[in-house]
Structures are given as structure tokens and as C-alpha cells.
Amino acid sequence: MDKFIEKIGMDKVAHFGVGGLITALFTIVFVMQDMGTLIFNPWRMMLYPFIGTAVTAIVSVVKEVLMDEQPDWYDFYAAMLGSALIFVAVFFGILFYVGTTNIV
């Protein structure tokens, strides 16, 4: 694992983690706002990571363009990969919810 991190760089790993964190936080906030109606259609929850991904993309572009001397777009791609991981987590969360409550 250390060789893998050395190969891609700790900076990319950090962008991956922070991108996933930002997306997860915004996803949680918007899911909490809509908890009452999600019981009737839990698959609607798959829309909320898009909001978090949009925020992550905006923050990443602003960081690369305005804060860095030389933009490194691989940092942006790493953040977006971290963001994509949240879609997988939400999908499995919905599967577990549907499986335990018999709601389709």
C-alpha cells in the first residue's frame, strides 16, 4: 500500500479523501432535509450525491484555478473519484434499507 501511495502521491490521496468527505457531508444534509418523503420512495435518495458532487467540483475548480500557482487537474480528478465513492455508499445503503423494510 505504501508503494501505491508513493506512486500516485499523498496529495492525490488527500484530494480523493476530501472530495469524498465534502460530497458525503452535503449528501447527508440534503437527505436529512427530505427524510419524511424518503420512506415512500427510497431510491430518490440516489439524487442527493449529485448535489454533493456539484459542490465538490466547484470547490475543486476554485482551489485549482484561484489558489494554486499551477493548476493540477489530476487533483480535480482525484476529488471527483472520491465523490463517486459516495454514490456507491448511498446505493448500498438504499439496498440495505429496502431489504430490511420490504419497501420497493
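The values are calculated or read from the model by the stated rules, or taken from the named source; none is laboratory data. All values reported here derive from a predicted model rather than from experimental measurement. Glycine also receives a Cβ, built like all others from the backbone with ideal geometry; neighbour counts cover every protein chain displayed.
Please go through segment 30-71 and give me each residue that is in contact with a helix residue (DSSP H, G or I) (Cβ under 7 Å, 6 or more places away or on another chain) and within 20 Å of residue 95 (Cα to Cα), ordered by number.
30, 31, 38, 42, 43, 44, 45, 46, 48, 49
Which residue pairs have Cβ atoms under 7 Å apart, sit 6 or more places apart or on different chains, and have a first residue in segment 50-63 that is surrounded by 14 or more Cβ atoms within 10 Å (Cβ to Cβ) and a second that is of a type in the set (A, V, I, L, M) and not in a helix (DSSP H, G or I)?
Within 7 Å, no pair qualifies.
Test of understanding: among 80, 32, which residue is assigned to a helix (DSSP H, G or I), exposed (fewer than 12 other Cβ atoms within 10 Å of the Cβ) and either in contact with a Pro (Cβ under 7 Å, 6 or more places away or on another chain) or not polar (S, T, N, Q) (or both)?
Exactly one residue qualifies, and that residue is 32.
Looking at (1) at pLDDT 80 or above; (2) surrounded by 14 or more Cβ atoms within 10 Å (Cβ to Cβ); (3) more than 18 Å from the chain's Cα centre (by Cα), which one does residue 20 not meet, given that it meets all the others?
It is condition (3) that residue 20 fails.
Of the residues 72, 11, 2, which is among the charged types (D, E, K, R), exposed (fewer than 13 other Cβ atoms within 10 Å of the Cβ) and over 18 Å from the mean Cα position of the chain (by Cα)? Give the derivation first.
Values: 72 fails: exposed (fewer than 13 other Cβ atoms within 10 Å of the Cβ); 11 fails: over 18 Å from the mean Cα position of the chain (by Cα).
After ruling out the rest, the residue left standing is 2.
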